[in-house]
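What follows is a set of notes on a single structure, which appears directly below.
The values are calculated or read from the model by the stated rules, or taken from the named source; none is laboratory data. None of the values given here were measured: they were computed from a predicted structure. All Cβ positions, glycine included, derive from the backbone under ideal geometry; neighbour counts span all protein chains shown.
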Amino acid sequence: MTMENALYIVATPIGNLGDITLRALEVLKSVDVVFAEDTRVTRAIFNRYEISTPLKSYREAADRRLVERMITEIVGMLHEGKSVAFVSDAGTPGVSDPGDYLVSRLTEQGLNVVPIPGASALAAILSVAGLSVQRPLFIGFLPKKKGHQTLMGQLKSVLVSGISDGIVLYESPERIIRTLQELLEWEVDLQVCLGRELTKQFEEILRGTPQSVLEILQQRKTVKGEIVLLVSKN
């Protein structure tokens, strides 16, 4: 595969390693270096598909000075004519994942950035919900404190007004019960589809009202795994 002088933003599986695309594998094998959110996580993909490309760390959550040094390194490689790929731990970089700042800095400098799409929890939950959502609004993760109540009020208005017919958000297992309780406080006739551990061994999809799904989760000692939630007005 002939590589462009570019930064490739490569989507990786959200769970099942078999979901990686052929093009993503070609890119990861052909670029000069791969930068990863966590090299230990990405190493599992490399081992599975016998990828020997040099692997380096890029962490947007690190100290800002360290981030700038990493970006300077990547920019230098691109100016040298090298090809670089970036992957987050799972899914698409920049979509509720690191990568957006990196892309912003490179595009400001006129450098080429190429998307390599792949598996997405957003698309996965919409495809199996059975709720006929045509105008989804993707929120990503809700703010934990500041702005949380304001946003929840706005999301209610968006659904009630019909601006969107479905809201998709990511949630942690520690907060999902509280989020469902908050949906009950809207006093709106809602349907939800909750995906937990999508594409993984213990994948679970729950459909129903916020109350019925809440009751299922409350019967468990703990809720585990990554969660995506689709909320639709009935």
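So the values come out like this:
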{"item": "Selection count, the range 143-169, where residues are outside any helix (DSSP H, G or I) and either surrounded by fewer than 19 Cβ atoms within 10 Å (Cβ to Cβ) or β-branched (Val, Ile, Thr) (or both)", "result": "10"}
{"item": "Conditions (1) closer than 30 Å to residue 136 by Cα; (2) within 17 Å of the chain's Cα centre (by Cα); (3) assigned by TED's automatic domain parsing to the domain that holds residue 16; number of the one not met by residue 125", "result": "(3)"}
